[in-house]
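*Asks:* Input: one structure, supplied below.
Laboratory data are not the source of any read-out in this text; all were calculated from the coordinates shown. For clarity, every value in this text was computed on a predicted model and none was experimentally measured. Glycine also receives a Cβ, built like all others from the backbone with ideal geometry; neighbour counts cover every protein chain displayed.
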Amino acid sequence: MLNMKQDGNVFVLTMKGKVTADEVTAFYDKFTPAIEKADRVGIVIDISGFDDMTVDAIRHDIPLEIGMLDQMGKIPRAAVVSDKAFIGALVKAVNPLIPMIDMRIFGPDEMDAALKFASDLPDRKPKGKGAHVIESSDKNVFAFEIDGYVADDEMHAISAEINARIERGETFNALARIKSFGGLDPKILTDGSFFKMKLGSIEALKKYALVSDEQWLKPLIGFANKITGIEMRHFPLADEAAARAWLSA
């Protein structure tokens, strides 16, 4: 079973037993127009009675779920209800990686607490200026800023400048000033220039300074260091001058 009901400003999604493809289709027929009409909502996902999904259900779910990515900004809080330890661990691991959604895990006997958490929506964050190139006095340092939600055209403009450097055979350093991160346009993930930039940067970039007070980004630096070979460091916003000095050294 897979269904949805609305309780005030909260959508309650319940999965029980073995979910079929027909149930997935029926769910999205109801959920999609509801979330599109909504302003901001919390979500409670009750999987305490969930057993499995058929192969066809998974095939139906993936493209429909991807199609909903542009609605994520409307969901500042999500409560997951489950008694499985691995689900709790997964929620805690994923939560820092999706900063626009505060995710918490609750036990089956904590449904009231889950509903309260999901309904208590936080204040809206300032919209910010998006993503844009910022000034760099060192021609070998490409600098950009992210402040709030990143639109497709904004990231495309940044990718174009980096790709131009790569195509000229340049090696360079980069500084990313991230004041806040409010999510990104899902179209970015299908933009060829974005992935061209990512792949090309592995060879062209020598140093990368991440300047931000967003704590969830710090663990990503160590991971990216290991898989790319690019020398990366994290600096708080107040130490941007030190970051620029390190890049120019």
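*Asks:* When Lys and Arg each count +1 and Asp and Glu each count -1, what net charge do the other residues less than 11 Å away from Ile101, Cβ to Cβ, add up to?
*Replies:* Residues near Ile101 contribute +2 overall.
*Asks:* Helix 218-228 sits at what angle to the longest principal axis of the chain, using alpha carbons and giving 0 to 90 degrees rounded to 10?
*Replies:* Taking Cα atoms only, the helix is inclined about 70 degrees.
*Asks:* I've got another one for you. Just to confirm a number: summing +1 for Lys and Arg and -1 for Asp and Glu over residues other than Val12 whose beta-carbon lies under 11 angstrom from that of Val12, what do you get?
*Replies:* Summing Lys/Arg as +1 and Asp/Glu as -1 gives -1.
*Asks:* Once R0 is set to 35 Å, what does the formula 1/(1 + (r/R0)^6) return for the Cβ-Cβ distance between Ala151 and Asp7, expressed as a FRET efficiency to the nearest 0.05?
*Replies:* For R0 = 35 Å, the calculated efficiency reads 0.60.
*Asks:* At 7 Å along Cα-to-Cβ for each site, give me the label-to-label distance between Lys206 and Thr25 in nm.
*Replies:* Modelled inter-label distance: 5.8 nm.
*Asks:* A further question follows. State, to one decimal in nm, how far the label point of Asp120 lies from the label point of Ala93, with both points 7 Å from Cα in the Cβ direction.
*Replies:* A separation of 2.8 nm, rounded to one decimal place.
*Asks:* A further question follows. For the chain, give me the percentage of DSSP beta bridges that are antiparallel, rounded to the nearest 5 percent.
*Replies:* 20 percent
*Asks:* Just check the stretch 2-119 against the gyration tensor rule for me: Cα atoms, a ≥ b ≥ c as the square roots of the eigenvalues, rounded for a/c under 1.5, and otherwise prolate or oblate depending on whether a/b exceeds b/c.
*Replies:* Rounded, because the longest to shortest axis ratio a/c is under 1.5.
*Asks:* Related question: Rounded to the nearest 0.05, what FRET efficiency do Glu231 and Met72 give with R0 = 30 Å and r taken as the Cβ-Cβ distance? Could you check?
*Replies:* Step by step, r from the Cβ atoms, then E = 0.40.
*Asks:* Can you list residues whose amide H is under 5 Å from Val211's amide H, if they're 5+ apart or on another chain and H is modeled 1.01 Å from N?
*Replies:* Ala176, Arg177, Ile178, Phe235
*Asks:* Please report, in Å, the Rg and the Dmax of the chain, where both are computed over Cα atoms only.
*Replies:* Here Rg and the maximum Cα pair distance are 20.9, 60 Å.
*Asks:* Rank the residues Asp123, Asp83 as a footprinting-exposure proxy: fewest other Cβ atoms within 10 Å of their Cβ go first.
*Replies:* Listing Asp123, Asp83 from fewest to most nearby Cβ atoms yields Asp123, Asp83.
*Asks:* Kirkwood hydrodynamic radius (Cα pairs, Å) of the stretch 130-248?
*Replies:* One decimal place: 14.5 Å for the Kirkwood radius.
*Asks:* Moving to a separate point now. Once both labels are modelled 7 Å past Cα along the beta-carbon direction, what's the Asp213-Ser137 spacing in nm?
*Replies:* In this crude spin-label approximation the distance works out to 2.4 nm.
*Asks:* Now, a different point. With θ set to phi - 60°, apply the Karplus curve 6.51 cos²θ - 1.76 cosθ + 1.60 along the stretch 155-160 and write out the HN-Hα couplings as whole Hz, x wherever there is a Gly or Pro.
*Replies:* Running phi through 6.51 cos²θ - 1.76 cosθ + 1.60 with θ = phi - 60° gives 5, 4, 5, 5, 4, 4 Hz.
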